[in-house]
Amino acid sequence: MPHIQLPEGLPGIRGAMAYRPETAKPLNDLVEKLLHGPNSLTAGERELIATYVSSENDCYYCQTIHGAIAAASLGDNEAVVKKVKHDFEHAEISEKLKALLVIAGQVQKGGKQVTTGAVARARDLGATDLEIHDTVLIAAAFCMFNRYVDGLATTQPRDEAMYRERGKRIAHEGYINISKEYLPAEIAD
Amino acid sequence: MPHISLPEGLPGITGGFAFRPETAKPMRELAHTLLHGPSTLTPGERELIATYVSTQNDCYFCQTSHGAAAAAHLGKNSDVVEQVKSDFLHARVSEKLKALLLIAGQVQQGGKTVSSETVEKARRQGATDLEIHDTVLIAAAFCMYNRYVDGLATWQPRDPAMYSSMGEHLATHGYLTPSVSAPALEATK
């Protein structure tokens, strides 16, 4: 049961966002920019970073929904999502993304854990400053989202089909559009 | 030296914000709503929560700038800020705020460590659901801001006058506009 009284029937972060639309708006704007906006990293790559950090933070809702969005963005490749969560160095992804996942994993442990060696490796493999910036911020942001979702003890149904279906829709429509389902119209736009 | 090429002369998060204005905007709006917007918690109480979490995350820039904002809100009382950072259970703050700081500390450790007992304790001291929600989200958000600031290895000068002037600006104007600019920084030297 959630620690506070959240609107019913809205699992994970949706219940918390519907509870407090004033903070939901910048949260959705941030995730839209980071994961769905224009970027030299593909949406699939960015969702894999979000999924990996959420998995390291042990947040079931976030790792499952972002894993589903990642899979949908990568041609329904659920196998690569699973591999990234458990052993990304041996996943079928680019060497650049592996280097960015190392940085993301360091951010998850703490900002000061990020090493110049890890940043240099990413740069050697072609990562730009903007890609390194966004990797750090995606990882940092999911240290927030994960704590928000678990810190309120939101409901997180074990229903893979629900996450898979919703993941496809978010991959296609983006976060702000989907948020119109549970936020007041004047806030969601 | 920062891990990526950030605009020079901008300390801490302001360098990251200037590098990537698209993500700065929702991050500013989130901080503004949480720390400066209408709330039954005073801005001083909310800045103390932000300062405490930033201290637990060992982020010098965030704990010093938000500590300065808290002191500015609390009648230039930097003693209470220092007490909250080192031993909040014996600080001269309300019992309700102490209970909320316990929740914030649990969020900092990880979302799942928030216990029903600490939530109940806060509620017994008069905390509302919205206050508990905002405490969880402030603590979670600072787990993002702190990692962003340290994860990029931003420039964090040891200059008490600069932080004190930033704190005054944040306490008066909030978070939507920059609290420091390169010329303003020059002026404090």
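Most mobile of A:Arg121, A:Arg158, A:Arg166 per a Gaussian network model of chain A (Cα springs, under 10 Å)?
A:Arg158
Dipole size in debye (nearest 20) for chain A around its Cα centre, Lys and Arg Cβ +1, Asp and Glu Cβ -1?
300 debye
For the residue pair B:Thr40 and B:Thr128, what label-to-label distance in nm results when each label sits 7 Å from Cα along the Cα-to-beta-carbon direction?
About 0.4 nm separates the two model spin labels.
Cα atoms only, chain B: Rg and Dmax in Å?
Considering chain B through its Cα atoms, Rg and Dmax are 16.0, 49 Å.
Output ³J(HN,Hα) for segment A:75-90: one whole-Hz value per residue in order, computed from phi by the Karplus curve 6.51 cos²θ - 1.76 cosθ + 1.60 with θ = phi - 60°, and x for Gly and Pro.
Computed from phi, the couplings for segment A:75-90 are x, 6, 8, 6, 5, 5, 4, 4, 5, 4, 5, 9, 6, 5, 5, 10 Hz.
Say we join alpha carbon atoms closer than 10 Å with springs in a Gaussian network model of chain B; which of B:Asp134, B:Asp58, B:Asp150 then has the biggest fluctuation?
Comparing B:Asp134, B:Asp58, B:Asp150 in a Gaussian network model of chain B, the most mobile one is B:Asp58.
Based on the Cβ-Cβ distance from A:Ala185 to A:Glu22, what FRET efficiency comes out when R0 is 22 Å, to the nearest 0.05? Show your work: numbers first, answer last.
Numbers: r = 15 Å, r/R0 = 0.67.
Step by step, r from the Cβ atoms, then E = 0.90.
Over all pairs of distinct alpha carbons, what does the Kirkwood formula give as the hydrodynamic radius of segment B:82-125, in Å? Could the numbers behind the result be given before it?
Working: mean 1/r = 0.0942 Å⁻¹.
10.6 Å is the Kirkwood radius here.
Rounded to the nearest 500, what is chain A's calculated 222 nm mean residue ellipticity when only DSSP H runs of at least 4 contribute -39500 (n - 2.57) each, over all residues? Working shown, then result.
Details: 11 runs with 126 residues, N = 189.
Value at 222 nm, helices only: -20500 deg cm²/dmol.
Given the rule -39500 (n - 2.57) for each run of at least 4 DSSP H residues, summed and divided by the residues of chain B, what is its mean residue ellipticity at 222 nm, to the nearest 500 deg cm²/dmol?
Working: 10 runs with 124 residues, N = 189.
Value at 222 nm, helices only: -20500 deg cm²/dmol.
Go ahead and run the numbers for FRET between B:Lys25 and A:Asn77, Cβ-Cβ distance against an R0 of 25 Å, rounding to 0.05.
Working: r = 33 Å, r/R0 = 1.31.
Rounded to the nearest 0.05, the efficiency is 0.15.
Estimate the FRET efficiency between B:His90 and A:Gln113 by the formula 1/(1 + (r/R0)^6), using the beta-carbon distance for r and 30 Å for R0, to the nearest 0.05.
On the way: r = 31 Å, r/R0 = 1.04.
Approximately 0.45, to the nearest 0.05.
Using the Cα atoms as the points, what is the convex hull volume per residue of segment B:82-189 in Å³?
Details: hull volume 14.8 nm³, N = 108.
That works out to 137 Å³ per residue.
Mind telling me which of B:Phe19, B:Phe88, B:Phe61 comes out most flexible in a GNM of chain B, alpha-carbon contacts under 10 Å?
B:Phe19
Please work out whether the protein assembly as shown counts as rounded, prolate or oblate from its C-alpha gyration tensor, where a ≥ b ≥ c are the square roots of the eigenvalues and a/c under 1.5 means rounded, while otherwise a/b larger than b/c means prolate and anything else oblate? Please report the intermediate quantities before stating the final value.
Working: a/c = 1.78, a/b = 1.21, b/c = 1.48.
Here the protein assembly as shown falls in the oblate category.
Which shape class applies to chain A: rounded if a/c is under 1.5, otherwise prolate when a/b exceeds b/c and oblate if not, where a ≥ b ≥ c are the square roots of the Cα gyration tensor eigenvalues?
Values: a/c = 1.70, a/b = 1.62, b/c = 1.05.
Since a/c reaches 1.5 and a/b is larger than b/c, the shape of chain A is classed as prolate.
Is there a quick way to get the dipole size of segment B:39-94? I mean about its Cα centre, with the Cβ of Lys and Arg at +1 and of Asp and Glu at -1; what is the value in debye to the nearest 20?
On the way: 4 positive and 6 negative charges, 26 e Å.
That gives segment B:39-94 a dipole magnitude of about 120 debye.
About its Cα centre, what dipole magnitude does segment B:39-176 give when the only charges are +1 on Lys and Arg Cβ and -1 on Asp and Glu Cβ, stated in debye to the nearest 20? It would help to have the intermediate numbers written out before the result.
Details: 12 positive and 15 negative charges, 30 e Å.
Taking the Cα centre of segment B:39-176 as origin, the dipole is about 140 debye.
List the residues, sorted by chain then number, that are 5 or more residues from A:His3 or on another chain and whose placed amide H is less than 5 Å from its amide H.
A:Ala153
Among A:Lys112/B:Lys96; A:Lys98/B:Lys25; A:Lys33/A:Lys96; A:Lys83/A:Lys109, which pairs are too far apart, with a Cα-Cα distance over 24 Å? Walk me through the numbers on the way to the answer.
Details: A:Lys112/B:Lys96 32 Å; A:Lys98/B:Lys25 29 Å; A:Lys33/A:Lys96 21 Å; A:Lys83/A:Lys109 20 Å.
Checking Cα-Cα distances, A:Lys112/B:Lys96; A:Lys98/B:Lys25 exceed 24 Å.
What are the ³J(HN,Hα) values, in whole Hz, obtained from phi via the Karplus relation 6.51 cos²θ - 1.76 cosθ + 1.60 with θ = phi - 60°, for each residue of segment A:67-74 in sequence order, with x given for Gly and Pro?
In residue order, the calculated couplings are x, 5, 5, 4, 4, 5, 6, 10 Hz.
How big is the gap, in Å, between the Cα center of segment B:114-157 and the Cα center of segment A:90-153?
22 Å
Between segment B:63-108 and segment A:2-37, how far is it from one alpha carbon centroid to the other, in angstrom?
Answer, in whole Å: 27.
Under a crude label model (7 Å from the Cα following the beta-carbon direction), how far is B:Gln109 from B:Trp155 in nanometres?
For B:Gln109 paired with B:Trp155, the spin-label model returns 3.8 nm.
In whole Hz, with x marking every Gly and Pro, tabulate ³J(HN,Hα) for segment A:108-115 from phi via Karplus 6.51 cos²θ - 1.76 cosθ + 1.60, θ = phi - 60°.
Working through the residues one at a time gives 4, 6, x, x, 6, 6, 5, 9 Hz.
Compute the length gained on full extension between A:His86 and A:Asp124: take 0.36 nm times their separation in residues and subtract their Cα-Cα distance, giving the result in nm to one decimal.
Values: separation 38, 0.36 × 38 = 13.68 nm, distance 2.46 nm.
Length difference between fully extended and current span is 11.2 nm.
List the relative contact order of segment A:13-172 as a percent without decimals, with contacts defined as Cα pairs under 8 Å and 6+ residues apart.
Values: 182 pairs, mean separation 50.4, N = 160.
Relative contact order for segment A:13-172 comes out at 32 percent.
Would you please classify the overall shape of segment B:6-101 from the alpha carbon gyration tensor, given that a ≥ b ≥ c denote the square roots of the eigenvalues, rounded means a/c under 1.5, and beyond that prolate means a/b larger than b/c while oblate covers the rest? Kindly include the intermediate steps, with their values, before the conclusion.
Numbers: a/c = 2.37, a/b = 1.69, b/c = 1.40.
Taking the square roots of the gyration eigenvalues as a ≥ b ≥ c, segment B:6-101 is prolate.
No value in this document is a laboratory result; all are computed from the given coordinates. Just so it is clear, the model here is predicted, and its values are computed rather than measured. Here Cβ is always computed from backbone atoms with ideal geometry, including for glycine, and neighbour counts include all displayed protein chains.
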